[in-house]
Amino acid sequence: MEDTKTKDNGCLYVVATPIGHLDDITYRAVEVLKSCDLILCEDTRHSKRLFQNYSIETPLRSLHAHNEHQISKGLIERIKAGENMALVSDAGTPLISDPGFTLIELAHRQAVKIVPIPGPSAVITLLSVAGLPVQPFTFHGFIPPKQKQRVAFYEGLLPLDQTHVFYESSHRIVKSLIDLEAVFNDDTRVCVGRELTKRFEHIYSGNPAQVKTQIESDAQHQKGEFVVAVSGQTIAQKNVLDKSSQQLALSLKPLLPPKQAAAVVAEHCQVNKKQVYEFIISQGD
Ligand code: SAM
């Protein structure tokens, strides 16, 4: 292995591990994990299962959201004193919706050498197969769990011409797709990755209603881990409303909530309610 250790200091490796399939770990990751002095993991029992598979016997210490503030300073001191450490998370790439930010930020401040050992992440894995434009994309991590905030979050995405990727839990995937369908128009493309790289891997793709139906129709499809990608609305999709509908929508906007205003305009002008709704939302406050 390349010796990244500087003269007296140790170094901090940030090591990606599989998001499901145990074989999805690099040779370099295994080598680094075997050779360092300490591995920092979210849940030591969870990581032990992976490490046993690769005969990694390095001591483990738990670093998670609730203790990283307390322990990061001490860990950095030990690295500066010469120890090599590796940071892993339960799955995928550390810091991608996972702990480690405090430690890495402190390492930068203290000029500690940081070495990334890249590998899987659910967000990139889905984007590689989603069939949606990838440049630009925004990764949102976990989206708001409550409906009101989730709808507001989706509405905030409407004016943006880019692909959005986010993580969603199995408890909320259907509710989340129902809200997505209510906010985004039928030309939007959605791709959902479920249990990527695992036995029950499934990739759903279509417009919001189609993807929602595929997942809603069978309880088995609602189990496991989910990552969702949504195409942004193109300028053509956004400008479909005629001028008089736009004017009526703008005049009602300060008087009624967006949904009600959209219903009135749709009824009065015989236009698509969702398009009016999107137009109102795209106008901001
Ligand atoms: N650090 C991880 C990464 O690089 O992707 C993400 C950790 S985050 C705490 C866990 C969430 O990522 C899951 O709830 C799910 O939304 C998503 N995820 C992780 N593995 C996945 C998989 N195999 N298939 C689909 N989504 C996955």
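Here are the numbers for this structure:
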{"read-out": "Sequence of ARG194, ARG199 when ordered by accessible area, the most exposed leading, probe 1.4 angstrom", "value": "ARG199, ARG194"}
{"read-out": "Per-pair calculated FRET efficiency, R0 = 30 Å: SER169 and LYS243 via Cβ, rounded to 0.05", "value": "0.10"}
{"read-out": "Exposure of ARG28 as accessible area (Å², to 10), given a probe of 1.4 Å and all protein chains", "value": "110 Å²"}
{"read-out": "Accessible-area ranking of ASP186, ASP179, ASP98, largest first, probe 1.4 Å", "value": "ASP186, ASP98, ASP179"}
{"read-out": "Distant-in-sequence amide H partners of LEU60 (H built 1.01 Å from N, under 5 Å)", "value": "ILE39"}
{"read-out": "Rounded to the nearest 10 Å², the accessible area of ARG189 at probe 1.4 Å", "value": "110 Å²"}
{"read-out": "Extent along principal axes [Cα atoms of the stretch 166-279; Å; largest to smallest]", "value": "53, 25, 20"}
{"read-out": "Length-normalised contact order of the stretch 140-202 in % [C-alpha pairs under 8 Å, at least 6 apart]", "value": "32 percent"}
{"read-out": "Contact order normalised by residue count of the stretch 164-258, Cα under 8 Å, 6+ apart, percent", "value": "34 percent"}
{"read-out": "All-pairs Cα distance distribution in the chain, expressed in whole percent, bin size 10 Å", "value": "6, 24, 25, 20, 14, 8, 3, 0"}
{"read-out": "Violating pairs (Cα-Cα greater than 21 angstrom) within the set LYS175/LYS274; LYS48/LYS80; LYS146/LYS253; LYS175/LYS259; LYS223/LYS259; LYS48/LYS73", "value": "LYS48/LYS80; LYS146/LYS253; LYS223/LYS259; LYS48/LYS73"}
{"read-out": "Computed over the stretch 75-156: relative contact order in percent, which uses C-alpha pairs under 8 Å that are six or more apart", "value": "24 percent"}
{"read-out": "Neighbourhood charge, 10 Å Cβ-Cβ cut-off, centred on VAL151 and excluding it, Lys, Arg +1 and Asp, Glu -1", "value": "+2"}
{"read-out": "Solvent-accessible surface ranking, highest first, for LYS80, LYS73, LYS273 at 1.4 angstrom", "value": "LYS73, LYS273, LYS80"}
{"read-out": "Cross-link partners of LYS113 among aspartates and glutamates (Cα-Cα below 16 Å; sequence separation of 8 or more within a chain)", "value": "GLU2, ASP3, ASP8, ASP37, GLU77, GLU83, GLU105"}
{"read-out": "Shape call, the stretch 186-230: gyration tensor on alpha carbons, a/c limit 1.5", "value": "oblate"}
{"read-out": "Heavy atoms of THR93 accessible to a 1.4 Å probe, total area in Å² rounded to 10", "value": "40 Å²"}
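The values are calculated or read from the model by the stated rules, or taken from the named source; none is laboratory data. The structure displayed is predicted, hence computed values, not measured ones. Positions of Cβ are backbone-derived with ideal geometry, glycine not excepted, and every protein chain shown enters the neighbour counts. Keep in mind that these areas ignore ligands, DNA and RNA; they rest on the heavy atoms of the full protein, side chains included. Shrake-Rupley method; radii C 1.70, N 1.55, O 1.52, S 1.80 Å.
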